[in-house]
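Written out below as structure tokens is the structure these notes cover.
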Amino acid sequence: MSKTINPFKQRLLDGQKLIGGWTLSGSPTVAEAMAFLNYDYLVVDLEHSPASIHDTTPILRAVEQTPTAAVVRMPSHDPIAIKQVLDQGGMTLYFPFVESVEEAKAIVQASMYPPLGKRGFAKMHRAARYTTREDYPAAANEQVCLIPQLETVEALELAVEIGQLDGVSAVFIGPGDLSMTMGLPGQVNHPDVRAKIVACVTACNQAGIPVGTVMPTPDDAKWALEVGFSFVSIANDLANMLGQCKAHLAQMKNS
């Protein structure tokens with residue numbers, strides 16, 4: 001395949017509603033198995049998982065053979081880490097805890113080749129299929145999908161300004177950290193937390209900015225889509241596995 005195409009970004013810009021999975025285990029096998037379930041996308045978490053930058057390639061290889069698009073949650077805003085994940089073939093990137101317009105601009109600069117940014121150039125890497133994708137540099141700037149995560153009340157107030165930056169494709173609301181900063185740790189469904197979320201989503205929708213999030217249950221994910229989110233992940237691999245294990249164990253102990 002000679003062209004670099006980002007199906008997640010294309011579907012997002014087409015206005016489709018996307019349902020995602022999330023993998024925290026750092027396991028290529030688990031990622032591969034989940035991706036074969038035909039999620040619209042699967043978030044590969046490098047922030048809150050044992051996976052590192054060096055684990056990205058095997059996980060991406062596992063997901064890319066399936067119909068599911070891979071999304072990488074970066075561990076930081078570090079330009080070297082950004083370059084490494086992009087060179088390994090990541091195209092859609094989440095960036096945790098973006099607190100300002102300046103931080104978002106720096107992320108764009110680190111992710112784009114000149115003249116749009118300052119990403120370091122190399123030909124011999126996986127994203128360019130080891131020099132066999134001659135169109136890669138031009139296609140990369142077009143297909144890279146950058147999504148800042150807004151995880152505090154102050155950040156949510158900047159959502160429209162951040163989302164309208166050149167190079168930013170969408171914004172992401174982190175409900176867990178938002179609840180923590182509001183003094184309601186883990187209470188992502190608390191009325192005050194939901195009110196802040198809905199206000200931000202409404203403002204972004206009016207500005208034509210796609211918004212994503214992650215929710216703990218299918219009912220919560222349905223609520224998110226109903227209030228205007230464009231893409232929503234449901235829980236994560238470890239939460240789903242442990243939830244099923246707990247249910248099995250309780251069933252056996254109570255039988």
Item to check | Qualifying helices (runs of 4 or more DSSP H) (wholly inside the range 164-255; at least 1 residues being closer than 28 Å to GLY26 by Cβ and of a type outside the set (Phe, Trp, Tyr)) | outcome: 175-181, 218-226, 237-253
Checklist outcome for this item: Of the residues in the range 1-39 that are farther than 30 Å from LEU242 by Cβ and of a type in the set (Lys, Arg), the one that is modelled with the lowest pLDDT is LYS3
Next on the checklist: Kindly evaluate ILE19 against the criterion of being open to solvent by 60 Å² or more (accessible area, probe 1.4 Å) and of a type in the set (Val, Ile, Thr).
Outcome noted: yes
Next on the checklist: So, in the range 130-140, how many residues would count as being open to solvent by 30 Å² or more (accessible area, probe 1.4 Å) and either part of a helix (DSSP H, G or I) or without any contact (Cβ under 8 Å) to a residue 24 or more places away in the chain (or both)?
Outcome noted: 4
Item to check | Residue that is nearest to PRO210 (Cα to Cα), among those in the range 141-159 that are crowded, with 17+ Cβ neighbours inside 10 Å and of a type in the set (Val, Ile, Thr) | outcome: ILE147
Next on the checklist: Looking at ALA203, ALA239, ALA247 in this structure, which one is among the small types (Gly, Ala, Ser), open to solvent by 10 Å² or more (accessible area, probe 1.4 Å) and within 20 Å of GLU99 (Cα to Cα)?
Outcome noted: ALA203
Checklist entry - So which residues in the range 201-238 are under 23 Å from LEU165 (Cα atoms) and more than 18 Å from the chain's Cα centre (by Cα)? => result THR202, ALA203, ASN205, GLN206, ALA207, GLY208
Checklist entry - Is the range 203-212 home to any residue that is closer than 19 Å to ILE19 by Cβ and free of Cβ contacts under 8 Å to residues at least 40 places away in the same chain? => result yes
Checklist entry - Do we have any residue at all in the range 170-184 that's touching a strand residue (DSSP E or B) at 6+ places or on another chain (Cβ under 6 Å), open to solvent by 20 Å² or more (accessible area, probe 1.4 Å) and not aromatic (Phe, Trp, Tyr)? => result no
Item to check | Residues of the range 73-114 that turn out to be surrounded by fewer than 15 Cβ atoms within 10 Å (Cβ to Cβ), more than 17 Å from the chain's Cα centre (by Cα) and more than 19 Å from GLN164 (Cα to Cα), as a count | outcome: 2
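The values are calculated or read from the model by the stated rules, or taken from the named source; none is laboratory data. All values derive from a computational prediction rather than experimental measurement. Methodologically, a virtual Cβ is constructed for each residue, glycine included, from the backbone with ideal geometry; neighbour enumeration extends over all protein chains shown. Please note that ligands, DNA and RNA were not included when accessible areas were found on the heavy atoms of the full protein model with its side chains. Shrake-Rupley method; radii C 1.70, N 1.55, O 1.52, S 1.80 Å.
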